[in-house]
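The values are calculated or read from the model by the stated rules, or taken from the named source; none is laboratory data. Given the structure is predicted, the values throughout are model-derived calculations rather than measurements. Cβ sites come from the backbone with ideal geometry, for glycine too, and all protein chains shown count toward neighbours.
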Amino acid sequence: MRAMRLLKWKSDPELVEIDMPEPGPGQVVIKIGGAGACHSDLHLLHDFDESSPLAWSPPFTLGHENAGWVHDVGPDVTGLSKGQAVAVYGPWGCGTCDRCRLGIETYCENIAGAPVPGGGGGLGLDGGMAEYMLIPHARQLLPLPEGLDPVQAAPLTDAGLTPYHAVRRSWPKLPPGSTAVVIGVGGLGHVGVQILKATTATRVIAVDNRDEALRLAEECGADQMVRSGPDAAQEIRRATRGHGADVVLDFVGVDATLALGAATTRSMGDLTIVGIGGGTLPLSFFSVPYEVSIQTTYWGSRPELAEVLDLGARGLVKPKISTFSLDEGPEVYERMHQGSLQGRAVVVP
Ligand code: NAD
Ligand code: ZN
Ligand code: ZN
């Protein structure tokens, strides 16, 4: 079968022929219906090498945002039938440690017991930018609710799940009267705006450096659009009566956006760093307002994915998708690099 693979660090993805996967005991092979292209893949292609803090390396098939249909099940797999539509829960942990038992496989504490330390399919192991994909354990598949097809579901598994986790943990700080800032309205950010609108009554300010992204933010229900730049912090402070935002979600993570977050988070607020832009934020007693919580978040939990799929099936969250063939895969990353994609690109093999 054909697959788009990262063959070595600091190289472009290549379309190559590989063997069809075979499911072992407890395992499942799915036929890919959609595989989303994430900006993290660009970091994988361009920013990482042997010296990076990842415990795995190429070659592997890209694509960690996947949905499709059950194609073949191994011995001991129950509860899934051939042809059934499923979404892949992407972070693959050991399945038995305290965190994995709660479905929080992102933060598995038994790295040696996981199929790939801190990764999953498309992140160290073969992902979904191929015709078929091996799923190491049936628990990593969630049946798609009525009303959701694999192309729509694929982006929900990361571009949906990651902002959902980040927003959900800040729900208590987002009552009516509060303000949330979303920095970076790309694949994750535009779904993040929708999740804030669908699950809270907060006012949403969207920040981006591209006009098309700000237009998409408005389509997604953002209340105010701010162009990033030297005046952004002042604009946000003005819009919040000088107080700053109760929650700032940074989906970029470069020096400038981290500084903007620090300058615009309200005292006792949350500054949540989701983007892996490589920036740093100097931290000292007076560098952020009192009691601001600063955290990074990684992806989300399996129960949270079920909640996101429900939001998707009910039409409350609807990623803006453009589809591409497997042949067009390398072009997708080229366009992502140039910043000419809107919403999420999904590869449909
Ligand atoms: P994307 O390319 O689809 O979107 C990025 C958006 O940020 C674009 O709209 C771009 O115009 C905007 N942007 C870039 N620089 C900016 C700046 N200085 N100010 C304001 N806006 C700016 O990317 P994506 O797939 O949404 O991923 C976003 C980031 O999140 C990436 O760094 C990715 O690696 C990371 N990510 C993290 C996790 C996690 O679990 N923490 C999961 C998935 C992706
Ligand atoms: Zn991702
Ligand atoms: Zn575990």
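Any residue at all in region 166-177 that's closer than 24 Å to Leu341 by Cβ, touching a Lys or Arg at 6+ places or on another chain (Cβ under 9 Å) and of a type in the set (A, V, I, L, M)?
Restricting attention to region 166-177, the residues satisfying the condition of being closer than 24 Å to Leu341 by Cβ are 166-167.
Those left that are additionally touching a Lys or Arg at 6+ places or on another chain (Cβ under 9 Å): none.
No, region 166-177 has no match at all.
Yes/no matrix, rows are residues, columns are (1) modelled with pLDDT of 95 or more; (2) within 14 Å of Val29 (Cα to Cα); (3) outside any loop (DSSP other than H, G, I, E, B); (4) within 14 Å of ligand 2 (Cβ to nearest atom):
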residue	(1), (2), (3), (4)
Val70	yes, yes, yes, no
Pro75	yes, yes, no, no
Ser81	yes, yes, no, no
Val86	yes, yes, yes, no
Pro115	no, no, no, no
Gly118	no, no, no, yes
Gly127	yes, yes, no, yes
Gly147	no, no, no, no
Leu161	yes, no, yes, yes
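Every condition in (1) over 30 Å from Asp310 (Cα atoms); (2) within 16 Å of ligand 1 (Cβ to nearest atom) is met by Val193 except one, and the failing one is (1).
Helices (runs of 4 or more DSSP H) fully within region 179-262 that include at least 3 residues being touching a residue at least 40 places away in the same chain (Cβ under 8 Å) and within 23 Å of Ile294 (Cβ to Cβ): 187-199. Mind checking whether some residue in region 47-59 is within 16 Å of ligand 1 (Cβ to nearest atom) and under 17 Å from the mean Cα position of the chain (by Cα)? Within region 47-59, none of the residues are within 16 Å of ligand 1 (Cβ to nearest atom) and under 17 Å from the mean Cα position of the chain (by Cα). A single entry from Ala130, Ala138, Ala55 fulfils the requirement of being of a type outside the set (Ser, Thr, Tyr), in contact (Cβ under 8 Å) with a residue 40 or more places away in the chain and surrounded by 20 or more Cβ atoms within 10 Å (Cβ to Cβ): Ala130.
Give region 263-309 a look and list any residue that's in a helix (DSSP H, G or I), closer than 30 Å to Leu45 by Cβ and among the hydrophobic types (A, V, I, L, M, F, W, C), or say none. Matches in region 263-309: Leu305, Val308, Leu309.
Taking region 104-113 as the region of interest, how many residues are farther than 14 Å from Tyr298 by Cβ and buried (at least 19 other Cβ atoms within 10 Å of the Cβ)? Going through region 104-113 one residue at a time, the tally reaches 0. Here Gln84 meets the list (1) surrounded by 18 or more Cβ atoms within 10 Å (Cβ to Cβ); (2) more than 21 Å from Gly275 (Cβ to Cβ) almost entirely, failing just condition (1).
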